[in-house]
1. Please find, within the stretch 17-65, the residue that is modelled with the lowest pLDDT out of those that are under 24 Å from residue 117 (Cβ atoms) and in contact with a Gly (Cβ under 7 Å, 6 or more places away or on another chain).
2. Select from the stretch 1-53 the residues that are under 25 Å from residue 71 (Cα atoms) and part of a loop (DSSP other than H, G, I, E, B) and list them in ascending order.
3. Test residue 174 against the criterion of being over 24 Å from residue 70 (Cβ atoms), in contact with a helix residue (DSSP H, G or I) (Cβ under 7 Å, 6 or more places away or on another chain) and surrounded by 16 or more Cβ atoms within 10 Å (Cβ to Cβ), and give yes or no.
4. Taking only the stretch 51-88 into account, find how many residues are of a type outside the set (Ser, Thr, Tyr), surrounded by 10 or more Cβ atoms within 10 Å (Cβ to Cβ) and closer than 29 Å to residue 29 by Cβ.
5. Scan the stretch 87-135 for residues that are more than 20 Å from residue 71 (Cα to Cα) and assigned to a helix (DSSP H, G or I) and jot them down.
6. Within the stretch 122-137, how many residues are of a type in the set (Ser, Thr, Tyr) and either more than 13 Å from residue 159 (Cβ to Cβ) or touching a residue at least 60 places away in the same chain (Cβ under 8 Å) (or both)?
7. Identify the residue in the stretch 133-149 that is within 11 Å of the chain's Cα centre (by Cα) and within 17 Å of residue 98 (Cα to Cα) and, among all such residues, is surrounded by the fewest Cβ atoms within 10 Å (Cβ to Cβ).
8. Would you point out the residue of the stretch 66-84, among those that are modelled with pLDDT under 90 and closer than 30 Å to residue 164 by Cα, that is nearest to the chain's Cα centre (by Cα)?
Amino acid sequence: AREAFLVWKKLSFAEREAIVLNFAEKVKENSEEIAQIIAKETGKPIWETRTEAGAMAGKIAISIRAYHERTGEASREAAGNQIVLRHRPLGVMAVFGPYNFPGHLPNGHIVPALLSGNTVVFKPSEQTPWTGEFAMKLWQEAGLPAGVINLVQGAKETGIALADAKGLDGVLFTGSANTG
C-alpha cells in the first residue's frame, strides 16, 4: 500500500475520479449480484440488500461533490502573516467494514480516501468476506492499479493486528472502538 501510495497520490484528481466513476458503473452493472451476496452473508431480505447495492453507487457522486466542496487551497492574512491551507493525501488508510452494511459503509470510507489520493488496506467483517472480495473484484475491473486497495480477511485478531500495524496513517470505520 505504501509503494502504491507514492504513485497514486501523484495522479491528478481527474485520473482518480475516472477510476472511481468506472467503479460506480461496475457496481450498477453488478447490483443484483452484490445484493444477492449481501443477502446470503447477512440474512437480510433481498429488498434491503438491493437498496444497499444502490447506495454503494450513489455514494460516489456524494463523495465527489464533497471532495470539491472541502478541498483545494485557501489563503488569508492573519496577524500580519499569510496563512495557506492546502489539502494533501495522508497516506495508507485502514478501513474496517461492519457486518450490518458490508457494502455501503466501507464504501463510504474507501471512495473519499481514494479520491483524496490515499491508499487503503480494507478488512471487511469476518462475517461478510464475500462482499469484500466481490467489491475488490469490481475495483480491479474498474482499472484501480495494483496495491491501491489491499484486502485483508480474518477475525478480530486480524483487525487488531491491522490497527496496530506500523505504517498506517489513519484508521476509518463506522461503529464503536471495539471494531475489529
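The values are calculated or read from the model by the stated rules, or taken from the named source; none is laboratory data. This structure is a prediction, so every number in the text was calculated from the model and none was measured. When we count neighbours, we look across all protein chains shown, and the Cβ atoms used for this are built from the backbone with ideal geometry, even at glycine.
1. 59
2. 1, 9, 10, 11, 12
3. For residue 174, the condition - over 24 Å from residue 70 (Cβ atoms), in contact with a helix residue (DSSP H, G or I) (Cβ under 7 Å, 6 or more places away or on another chain) and surrounded by 16 or more Cβ atoms within 10 Å (Cβ to Cβ) - is not met.
4. Summing the residues that are of a type outside the set (Ser, Thr, Tyr), surrounded by 10 or more Cβ atoms within 10 Å (Cβ to Cβ) and closer than 29 Å to residue 29 by Cβ in the stretch 51-88 gives 15.
5. Correct list: 104, 105, 106, 129, 130, 131, 132, 133, 134, 135.
6. Here the count works out to 2.
7. 136
8. Step by step, filter the stretch 66-84, then rank; the result is 67.
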